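Each reported figure results from applying straightforward, stated rules to the coordinates on display, with no laboratory input. Because the structure is a prediction, the values reported are computed rather than measured. Positions of Cβ are generated from backbone atoms using ideal geometry, with glycine treated the same way; all protein chains shown enter the neighbour counts.
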Amino acid sequence: MYRGHRAPPEVRGRIVILVDDGLATGSTMRAAVRALRQQGPARLIVAVPTAARETCAAFAGEVDEIICALTPEPFYAVGLWYENFLQTSDEKVRALLESAARGFNPPGHET
């Protein structure tokens, strides 16, 4: 739905950085990591602005690098650590991704 007509990105042999707004349990990120590992990236890095300390620590054994800028105690929920945690609509996300795709030409994909 988000990719539209664009092909999946080629990640084999590349450094992949997975970014999320934060990690509470980490279940969604864990699924993304597993899916990407099957595609053979050279390195897999997870970067988040906030995370539960124990979740951040658990990812250390699952990815090549984990970056958790803030691991407050007690954590409670991702949204508590944002001044503005309003949701972005699917329509807005699709528009932003389409706009970014028009302005980005990965190496080896020049037109």
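In table form, for the structure just shown:
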| read-out | value |
| --- | --- |
| Rg/Rg_ref, region 28-82, where Rg_ref = 2.2 N^0.38 Å and atoms are Cα | 1.19 |
| Nonlocal amide H pairs with Ile67, under 5 Å, H built at 1.01 Å | Val46, Ala47, Val48 |
| Helix axis angle, 90-102 relative to the chain longest principal axis, alpha carbon, degrees | 50 degrees |
| Share of pairwise Cα separations in the chain, more than 25 Å, in percent | 32 percent |
| Sorted by Cβ density within 10 Å, fewest first, the residues Arg30, Arg102, Arg43 | Arg102, Arg43, Arg30 |
| Sequence-separation-based contact order of region 1-110, relative, with Cα cut under 8 Å and 6+ spacing, percent | 27 percent |
| Listed residues Ala95, Ala51, Trp81: farthest to the positive end of the dipole of region 30-105 (Cβ charges) | Ala95 |
| For Leu23, residues with placed amide H under 5 Å, excluding near neighbours | Thr50, Ala51, Ala52 |
| For Ala42, net neighbour charge (Lys/Arg +1, Asp/Glu -1) across residues whose Cβ lies under 9 Å away | +2 |
| Listed residues Thr55, Thr88, Thr25, most fluctuating in the chain (Gaussian network, C-alpha, under 10 Å) | Thr88 |
| Simple Cβ-charge dipole of the chain, Lys/Arg +1 and Asp/Glu -1, about Cα centre, in debye nearest 20 | 420 debye |
